[in-house]
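A.B. asks: Next up is a structure, given as structure tokens.
The values are calculated or read from the model by the stated rules, or taken from the named source; none is laboratory data. Quick caveat, the model's predicted, so the values are computed rather than measured. Here the Cβ positions follow ideal geometry from the backbone for every residue, glycine too, while neighbour counts run over all protein chains shown.
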Amino acid sequence: MTNRRAFLQAMLASPGAAAYLRAAQAAAPMKIKRVETVYWKSRDDAPFWPHWTWVKIETDAGVSGIGETYPRGANEAVAVHNVANRLIGSDPRDIERIWADLYHAFDYQVAGGAEMRALGAIDLALWDLLGRSLNAPVYRLLGGRSNARVRLYNTCFPYKYDFLKEPEKIMRELIETRGIRAIKVWPFDGAARRSARQYITQEQLDEALKPVRALRDAFGDSIEIAVEFHSNWNLPSAIRIARALEPYKPMWLEDLLMPGNPDQYRELAQATSLPLTIGERMGGKLAFGQLLESRAAKFVMFDVTWCGGLTEARKIAAMADAYQLPVAPHTAGGPLLFYASTHLTTAAPNVWIQESCQRFYERDWPLMLENPIAPSEGSIAAPEGPGFGMEIKKEAWGHAAAVRMVSGG
């Protein structure tokens, strides 16, 4: 009852919330009747570089919602259909109950992997469906707008320039065309491959520092630089790298160690003056609770398609807020990941910055979406359409190379 009362109060505090509440109270019952998944076997199978699984949940009331996860399409699709029988016949608006039941149905596989990613996709589809059934953007259902616009940084996926050789060209173009003044690079990954992630030499350190130095030399302190490590390093190497980066004052060091080691992360945090960002690969609020208790992270990163969906991500964001820590969602996946994350960061009061990718919104998304959102003035605004507001082109959903699976009628 307390949670329901808080939810209703939050809705009533938002402009237009009374209309949403009336619509919810007047809505006829609906049941899930069909679950469909779409994925591609290879990123090269379509011009928009797909590496995700889309999930569509349809109801007997004619309302549907879209979810998404990535990057192991076949595994995630099978995991979705393994629990589809539990979804069919359920009221899709009972999101918390469905989440809890599926979480336990996955038994001992809930810390990550295909099952947790499937749960995230299902959950996102339910939130999208709820918003569409009420003709409301999802951020309104989360309590309304805390942030009219959300600040962005750019992750340098392959596009026009190589961040190892010409990072200043990427940054300059983004400043001039999008107003984005923050950039993420991962120049240490090559050294990790060469040493099988065991050590880093001074020569390798000097080489990896070049793009970071080039960015600082070109832009001084007028930009933010985030450095990503993809959990490649052991603790001694991580400490050595962190200390080498200190003169360049990066915004953060991201995922230096494998997740699940809060004590080692705390030791790393104590060994450097630089802030750590942790959490991209973690699943579920229980793992994030341990991370927060370690006091190692200064920024909490989650991926709404990997951590368990919007239902779990908003709880993780609230947990971080209780520790007076900001969140910085990971969005280097499919388009719905970015849309859903933007709704959450619009509603959440403790947001530092959000990831974006120039290649996606300039090249890939216009090929597959009717209404691709894109940054301006260094930030993004959540769509005002119902649900997450993402509309997929028919030719993208029905692409010839897509693998389609259906449960229900």
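A.B. asks: Return the residues of the range 300-329 that are buried (at least 22 other Cβ atoms within 10 Å of the Cβ) and on the phi > 0 side of the Ramachandran plot; say none if nothing qualifies.
C.D. replies: The answer is Gly308, Gly309.
A.B. asks: For the condition of a type outside the set (Ser, Thr, Tyr) and either outside any loop (DSSP other than H, G, I, E, B) or at positive phi (or both), what is the one hit in Ala287, Ala297, Ala332?
C.D. replies: Ala287
A.B. asks: I'm trying to understand the selection: among the residues of the range 258-284, which are in a helix (DSSP H, G or I), modelled with pLDDT of 95 or more and under 24 Å from Arg314 (Cβ atoms)?
C.D. replies: Tyr265
A.B. asks: Just the residues that are closer than 18 Å to Ser90 by Cβ and either surrounded by fewer than 17 Cβ atoms within 10 Å (Cβ to Cβ) or acidic (Asp, Glu) (or both), please, taken from the range 34-43.
C.D. replies: Glu36
A.B. asks: Looking only at the range 24-76, count every residue that is more than 24 Å from Gly283 (Cα to Cα), touching a Pro at 6+ places or on another chain (Cβ under 7 Å) and among the aliphatic types (A, V, I, L, M) and tell me the total.
C.D. replies: Residues meeting the conditions: 2.
A.B. asks: Exactly one of these conditions fails for Pro92: (1) crowded, with 23+ Cβ neighbours inside 10 Å; (2) under 20 Å from the mean Cα position of the chain (by Cα). Give me its number.
C.D. replies: (2)
A.B. asks: Scanning the range 335-349 for residues that are among the small types (Gly, Ala, Ser), outside any loop (DSSP other than H, G, I, E, B) and in contact with a helix residue (DSSP H, G or I) (Cβ under 6 Å, 6 or more places away or on another chain), which turns out nearest to Arg363 (Cα to Cα)?
C.D. replies: The selected residue is Ala340.
Okay, residues lined up against (1) surrounded by fewer than 18 Cβ atoms within 10 Å (Cβ to Cβ); (2) among the β-branched types (Val, Ile, Thr); (3) at pLDDT 95 or above; (4) not assigned by TED's automatic domain parsing to the domain that holds Pro262:
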residue	(1), (2), (3), (4)
Ile200	no, yes, yes, no
Leu205	yes, no, yes, no
Ala208	no, no, yes, no
Leu215	no, no, yes, no
Ile223	no, yes, yes, no
Glu228	no, no, yes, no
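A.B. asks: Right, something else. In the range 90-132, what residues are among the aliphatic types (A, V, I, L, M) and either closer than 16 Å to Thr53 by Cα or not in a helix (DSSP H, G or I) (or both)? So that I can check it myself, show each step before the final result.
C.D. replies: Here is the first cut: in the range 90-132, the ones among the aliphatic types (A, V, I, L, M) are 95, 98, 100, 102, 105, 110-111, 114, 116, 118-119, 121-122, 124-126, 129-130.
If the condition is that a residue be among the aliphatic types (A, V, I, L, M) and either closer than 16 Å to Thr53 by Cα or not in a helix (DSSP H, G or I) (or both), then Val110, Ala111, Ala114, Met116, Ala118, Leu119, Ala121, Ile122, Leu124, Ala125, Leu126 are the ones that fit.
A.B. asks: Further question on the same structure: Out of (1) under 30 Å from Gly385 (Cβ atoms); (2) more than 14 Å from the chain's Cα centre (by Cα), the odd one out for His330 is which?
C.D. replies: Status for His330: all satisfied but (2).
A.B. asks: What is the residue count in the range 270-321 for residues that are over 30 Å from Pro247 (Cα atoms) and polar (S, T, N, Q)?
C.D. replies: Selection size over the range 270-321: 3.
A.B. asks: I'd like to check which strands (runs of 3 or more DSSP E) are fully inside the range 147-240 and have at least 2 residues that are without any contact (Cβ under 8 Å) to a residue 12 or more places away in the chain and out of contact with any helix residue (DSSP H, G or I) (no Cβ under 7 Å at 6 or more places or on another chain).
C.D. replies: none
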